[in-house]
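The values are calculated or read from the model by the stated rules, or taken from the named source; none is laboratory data. For clarity, every value in this text was computed on a predicted model and none was experimentally measured. Note that each Cβ is placed from the backbone with ideal geometry, even for glycine, and that neighbours are counted across all protein chains shown.
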Amino acid sequence: MAQLSKCPHCGAEVEFVQVDRGRGVFAKCTNCGIQTPTVFAALEHSAMEKVAELWNSNKEEEWAAWIQPKGAHDAYPKGSKVSHKSKRWISNLDANVWEPGVTGWTEQK
């Protein structure tokens with residue numbers, strides 16, 4: 001079975017969640033709730049394997065993909081490094097829930 005690395009945002013455990021009578025699956029952090037898009041099984045791949053690949057792809061990156069926080073509990077701390085819309089950003093604020101490019105982030109070139 002596919003293995004999921006810990007959440008790159010908060011470090012908590014991550015689990016697979018099945019939807020649509022088990023035909024679709026996504027990965028979700030048990031603490032902050034960030035998740036991958038839902039992937040549906042197809043002849044060429046296992047949905048769980050594809051979801052694990054999506055989730056784990058950002059684990060080792062210094063500039064992990066930005067994910068919209070759901071609230072203060074999973075907001076980005078000051079100094080967080082993310083990538084968003086093909087650019088790299090560093091958070092200027094503690095508890096930053098803003099989208100990079102709107103406010104609270106400095107673009108890195």
Give me a count of the residues in segment 6-40 that are out of contact with any helix residue (DSSP H, G or I) (no Cβ under 6 Å at 6 or more places or on another chain), among the hydroxyl-bearing types (Ser, Thr, Tyr) and closer than 22 Å to SER83 by Cα. 1
Can we say GLY22 is in a loop (DSSP other than H, G, I, E, B), at pLDDT below 80, of a type in the set (Gly, Ala, Ser) and surrounded by fewer than 16 Cβ atoms within 10 Å (Cβ to Cβ)? yes
Can you name the residue in segment 30-72 that is under 28 Å from GLY104 (Cβ atoms) and hydroxyl-bearing (Ser, Thr, Tyr) and is also modelled with the highest pLDDT among such residues? THR30
Scan segment 32-56 for residues that are crowded, with 16+ Cβ neighbours inside 10 Å, in contact (Cβ under 8 Å) with a residue 24 or more places away in the chain and assigned to a loop (DSSP other than H, G, I, E, B) and report the count. 3
Sole exception among (1) touching a strand residue (DSSP E or B) at 6+ places or on another chain (Cβ under 8 Å); (2) crowded, with 16+ Cβ neighbours inside 10 Å for GLU15, by number: (2)
Taking segment 80-99 and keeping residues under 18 Å from CYS32 (Cβ atoms) and assigned to a loop (DSSP other than H, G, I, E, B) leaves SER80, LEU93, ASP94, ALA95, VAL97, TRP98, GLU99
Taking the condition of being over 14 Å from GLU53 (Cα atoms) and small (Gly, Ala, Ser), how many residues in segment 1-17 meet it? 2
Inter-residue pairs, beta-carbon under 9 Å, first at positive phi and in segment 76-103, second surrounded by 15 or more Cβ atoms within 10 Å (Cβ to Cβ) and of a type in the set (Ser, Thr, Tyr), 6+ apart: GLY79/SER91; ALA95/TYR76
